[in-house]
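Asks: Here it is: the structure, laid out below.
The values are calculated or read from the model by the stated rules, or taken from the named source; none is laboratory data. Just so it is clear, the structure is predicted and the values come from calculations on it, not from any experiment. Note that we place each Cβ from the backbone using ideal geometry, even for glycine, and neighbour counts take in every protein chain shown.
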Amino acid sequence: MFIFDQLKRDDRELRFLAIIMFAGCAVLITGLWYIQIVSSRHFEADLIGQATRTVRVPAVRGKILDRNGIALADNRPVFSLDLYLAELSEQFRANYRKLKAEYRPTRDQIEHVQRLARFQVVSNIAHQVGQWLEAPVTIDEQEFHNHFINLRALPLSIVDHLTLDQVARFSEQPQSLPGLDLRVAPRRVYPYGSTAAHLIGIMKRDDSSMENEDAFFHYRLPDWRGLTGIESRFDSEMRGLAGTRSITVNYLGYQTTNSFLREPDPGASVTLTIDLRVQMIAERAMRSTEFGDAVRGSVLVMDPRNGDILAMVSAPTYDPHVFLGRISQETFRLLNDPIARPQVNRAIYNHYHPGSIFKMITGLAALEAGQLNPAVEVYNPGYWQWKEGTRPIKDLAAPGMYDLRRAFVKSSNNYFIRHAMLPGVLDRLITLGERLHFGKKSHLIPGQDVPGNYPTKTDIRAGWGPGDTANLSIGQGAIHVTPLQVATMTSAIANGGTVYWPRVAAKIEPNDPESHIQPLYYRPAQIRDHLGASASNLEIIRQAMRADVHDSDGTGKAALTPGLTVGGKTGTAEVEKAGKIVDKITWFTSFAPVEAPRYVVVVMVESGEFGGSTCAPVAGIIYRELIKLEQSTGLSLSQLN
Amino acid sequence: MENPRANNRTAPTIDWSIMAAVLCLMVFGAMFIYSARFATEGPDMAFYQRQHFKQIIYYALGLGCLGALCITDYRIMSRYSYVAYWLAILSLIIVLIPIIGAVRGGARRWIDLGFFSLQPSEFAKLALILALANFLSRPTDELRLPGNFGKALGMVALPFFLILMEPDLGSALVLIPVSLAMMYAGNIPTKYLRRLVGGASIVVTLLVVDILVAPADWRVPIEDYQRRRLLVYFDRPYQDFAPPNATPAELKRAREKQINDSYNVKQALISVGSGGLTGNGWRQGKQNALGYLPRAVSHNDFIFSVLAEEIGFIGSVVVIGLYAVIFFIGIRVAAQARDRLGRLVAVGVVTLLFSHVFINIGMNIRLMPVTGVPLPLLSSGGSFTLVSLLAIGLLQNVHRHRRSY
């Protein structure tokens, strides 16, 4: 050491002091090395831990589009006024000093006075803002304190949903108050309100992290998860990936700067097979029954050539927007009405006896079994009874002679039960039901479709009696179907025997080319099964259905449409409870044009009068409107679809 | 030819290495006081109101005093050392008078002159060094007499207890290593010193043990904040020291107080630690900018934390290196001094500066308990900056007049 050389050799004291000081410096440097080099990461983590807060920022949700690209679910900018508390800390302090001088609080009252001081500042600002917006703005004291304690780094939203007028009024204010900021955020909006509400679905507030997102956040901005319908079916695709915003907070917990650690990845848009115009036609037609808006039922319009759903109506309906806000007690009561059950999608999530509309399958089974000659007339006494002493099944068709066509048009129970009883017909009936996948789910919206019921071959071997066959053949008893299954069934009859998977979503495409979401295309005309019935037998059924609409005494004549041939079948199923008829389910299922079917229209109304009087007119309106739509757009049927 | 420096009799020079180190430290001081304060001092504040500007003024004043102190031979000045000593004692008594002494943070340490807050304890350190050096420079035979050792002890004890009464434990404690080093270098027999150090160690250990573990009735009465600092240093929970009949609310308050008291130390450590090897860069220290490092202390007692976060381990080592230049060249000055008086003055000055540096930086990295001992030339504050530069002036004076011609 340069110092030691110069110290006199015998200067023990100074050498000792020099050693002490050298040791002291060495201790300090060692300490610093330990803290700044060895444990540096630990302290950096502490710094980040105390000075940063992360916020989950939801991505913009994907849209739901109809087949022509019209948005059924969209996002609209919503303006809110935010108050940044950091910029008010000066005022909080100043007001506290004023109050302190006034009240001279004791030690225990200090906190209370501080709270009061803060709240006074904020509520004064709210009052001023209220005057600007010409609408009173109030801040709940408890809510404000909670926000101040728990969410101090985040701005306090003092006015949600400014009208455009209010935005203008606010922007015109020459001097703004400190800490105020006009914020624009996307908000889910359904431009056509309750149109297709059941299919689109509703959303639920849910801020939790999704897969591939950061799991831990200090704060989460409001986010929504699809609860039903398409919103839930394609929730993860439409939700995208939430981003992470990092906020630097100072020692008082106020925000100083913020930046994105990870930008949100916007969600993909879903294109449906639904045609908004057809959907609106179907919904209007549904409301045309004598029940008006209170009608309970479902309408499906399907393309029988590929299984595409053009319209899916469930009534009564609701405004999906109510689920985005606070639901009032009255609204909640209406939404949960035990009879109207507006939240249930009756097209897929409820099943019913098909009643007489099932006779098209019974007839087909008898034809296929070679037990039915359409030309042979059979006597109908006005009821059907298996044996003397058993309970007769009444027939609404008058007593008389019936061939297939007349039996179809008059919907004779006797005729079809009698044929179902013939050897081999029941087996055929069960086979056809299997191929139509009755009793199986459609998987259109997983978790929100019911399979219905249909007897299997095992079922008919044990504990099965002629009465069961009789009931099944006229769509009662062991069979329950959804309107969607009826549409698939009618399509199979109309298109020559192909059972298609119903399709409602056509494609999912990300809005951002760099999105992590892969585009997804659902191909049309996915074949689920074949009826395996002969073309001639199918044609016999189709012609019988045509007669049901076109004959002057047909039960479905209300569906008659000028310029269009329609084949249909009415049905009025009885809902029994403890042996008594408690309700009726009325049906009309149809296809058009008969020569080359391109539409299947299924109408179901709960508690209707008769299928012919309640449901067939609805289908009639739909067909007439469809013709009008085609003419006005100048599109041929094939182009429209 | 003789030694060329011997010819240069007319212009004996000061030691420029020390001056260079002092200047560098002053540059660091101004830079980091600015850095520590710029978040607090809004952009609208006039430059002359800013802390770093005031500090530069103190540096200028201090350098002036340093120069003035170099002119007169220290042997002549030492004749007035007792005058300085008694003036210092007087000022330490005056500051304790309630009307005169200004109270800040519970301690009466300042005499408010309006334009300047004088801290007599800082000047007393210098006065003690001069007086003690003068006293101990008598022939070594006289120092063997126990009476003279007792007198020397008395000279130290008087300001020690006066400063303790303010209370300012840190400044009082600094007097101990300074006087011990001077007595040791001044050839007070080591047996006396051993006894002194041994006795003092026993007393201090007993005190600390008493404060930390003794039941309530047996504790020596010391200032509450000093007890708390010790508890923080030894990581002892406050609740254990609450009265036995304390209510839950009082216990809660004690816990909160502990969090508050250990807050500074914890934040200082985070500052130093997050600096890493190279630091975040000047004015980029987050701990200070975001206010986690309390703004009341970041520019004085905890200026080293600000510096360590912003220029990292490398910067910290440079700063310690600059101090080391002063210490070791200071010891060389002591070694080359023409007489025992000069040697003792130099040893006193060097030990004073070393004690401050070690205690202050040690406190920033939790090696030492928190005491309000400033870092020479870096911490903002008028009195100690002036005293530090005056001390350097004394050192230069000894160096300048090192030969008898």
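Asks: May I ask you to list the residues in region A:364-382 that are surrounded by 14 or more Cβ atoms within 10 Å (Cβ to Cβ), part of a loop (DSSP other than H, G, I, E, B) and not charged (D, E, K, R)?
Replies: So the first thing to find is which residues in region A:364-382 are surrounded by 14 or more Cβ atoms within 10 Å (Cβ to Cβ), and the list is A:364-369, A:371-372, A:374, A:377-378, A:380, A:382.
So of that shortlist, the ones also part of a loop (DSSP other than H, G, I, E, B) come out as A:369, A:371-372, A:374, A:377, A:382.
The answer is A:ALA369, A:GLN371, A:LEU372, A:PRO374, A:GLY382.
Asks: Can you find a residue that is facing chain A (nearest Cβ under 10 Å) and in contact with a Gly (Cβ under 6 Å, 6 or more places away or on another chain) anywhere in region B:333-341?
Replies: There is no residue in region B:333-341 that is facing chain A (nearest Cβ under 10 Å) and in contact with a Gly (Cβ under 6 Å, 6 or more places away or on another chain).
Asks: Restricting attention to region A:464-475, does a residue exist that is aliphatic (A, V, I, L, M) and not in a helix (DSSP H, G or I)?
Replies: So far as region A:464-475 goes, yes, one or more of its residues are aliphatic (A, V, I, L, M) and not in a helix (DSSP H, G or I).
Asks: Follow-up question, since we're still on this one. Being closer than 23 Å to B:LEU175 by Cα, more than 10 Å from chain A (Cβ to nearest Cβ) and not in a helix (DSSP H, G or I), is that true of even one residue in region B:302-313?
Replies: yes
Asks: Let me ask something additional. I'd like the residue in region B:269-292 that is of a type in the set (A, V, I, L, M, F, W, C) and at the interface with chain A (Cβ under 9 Å from one of its Cβ atoms) and, out of all such residues, is nearest to B:THR40 (Cα to Cα).
Replies: The residue in question is B:ALA289.
Asks: Another question, if that's okay. Got a number for residues in region B:11-43 being assigned to a helix (DSSP H, G or I) and within 19 Å of B:GLY64 (Cα to Cα)?
Replies: Total meeting the criteria: 14.
Asks: Touching a Lys or Arg at 6+ places or on another chain (Cβ under 8 Å) and closer than 22 Å to A:SER298 by Cα - does that describe any residue in region A:414-436?
Replies: No, region A:414-436 contains no residue that is touching a Lys or Arg at 6+ places or on another chain (Cβ under 8 Å) and closer than 22 Å to A:SER298 by Cα.
Asks: Of the conditions (1) buried (at least 16 other Cβ atoms within 10 Å of the Cβ); (2) in a loop (DSSP other than H, G, I, E, B); (3) modelled with pLDDT of 85 or more, A:TYR251 satisfies every one except a single condition; which number is it?
Replies: Status for A:TYR251: all satisfied but (3).
Asks: Related question: With surrounded by fewer than 24 Cβ atoms within 10 Å (Cβ to Cβ), among the aliphatic types (A, V, I, L, M) and either in a helix (DSSP H, G or I) or in contact with a Pro (Cβ under 7 Å, 6 or more places away or on another chain) (or both) as the only criterion, which of B:LEU341, B:LEU352 stands out?
Replies: Residue meeting the stated conditions: B:LEU341.
Asks: Same structure again: From the list A:PRO264, A:PRO316, which residue is away from chain B (no Cβ under 14 Å), of a type outside the set (Lys, Arg) and without any contact (Cβ under 8 Å) to a residue 60 or more places away in the chain?
Replies: Only one candidate qualifies: A:PRO316.
Asks: Of the conditions (1) closer than 30 Å to A:ALA294 by Cβ; (2) free of Cβ contacts under 8 Å to residues at least 60 places away in the same chain, A:SER259 fails just one. Which one is it?
Replies: Unmet condition: (1).
Asks: Report every pair of residues separated by at least 6 positions or lying on different chains whose Cβ atoms are under 8 Å apart, first residue within region A:65-84 and in the same structural domain as A:HIS145 (by TED's automatic domain parsing) and over 30 Å from A:ILE139 (Cβ atoms), second polar (S, T, N, Q) and surrounded by 19 or more Cβ atoms within 10 Å (Cβ to Cβ).
Replies: So the pair list comes out as A:LEU65/A:SER269; A:LEU65/A:THR271; A:ASP66/A:THR271; A:ASP66/A:GLN279; A:ARG67/A:THR271; A:ARG67/A:THR273; A:GLY69/A:THR271; A:LEU72/A:THR195.
Asks: With the requirement that a residue be within 13 Å of A:ARG56 (Cβ to Cβ) and in a loop (DSSP other than H, G, I, E, B), what does region A:213-227 give you?
Replies: A:GLU213, A:ASP214, A:ALA215, A:PHE216, A:PHE217, A:HIS218, A:LEU221, A:PRO222, A:ASP223
Asks: Looking at region A:564-584, which of its residues are in contact with a Pro (Cβ under 9 Å, 6 or more places away or on another chain) and surrounded by fewer than 24 Cβ atoms within 10 Å (Cβ to Cβ)?
Replies: Passing the criteria: A:LEU564, A:THR565.
Asks: Would you mind finding the one in A:ARG245, A:ARG305 that is out of contact with any His (no Cβ under 8 Å at 6 or more places or on another chain), in the same structural domain as A:SER209 (by TED's automatic domain parsing) and under 30 Å from A:PRO519 (Cβ atoms)?
Replies: A:ARG245
Asks: Residues in region A:10-52 that are part of a loop (DSSP other than H, G, I, E, B) and at the interface with chain B (Cβ under 7 Å from one of its Cβ atoms): how many?
Replies: 2
Asks: Search region B:160-208 for residues being under 23 Å from B:LEU344 (Cβ atoms) and polar (S, T, N, Q), and hand back the single one that is farthest from the other protein chains (Cβ to nearest Cβ).
Replies: For region B:160-208, the residue satisfying everything is B:SER171.
Asks: Surrounded by fewer than 21 Cβ atoms within 10 Å (Cβ to Cβ) and in contact with a Leu (Cβ under 6 Å, 6 or more places away or on another chain), is that true of A:ARG435?
Replies: Yes.
Asks: So, in region A:383-418, how many residues would count as being assigned to a loop (DSSP other than H, G, I, E, B) and within 43 Å of the chain's Cα centre (by Cα)?
Replies: The total comes to 5.
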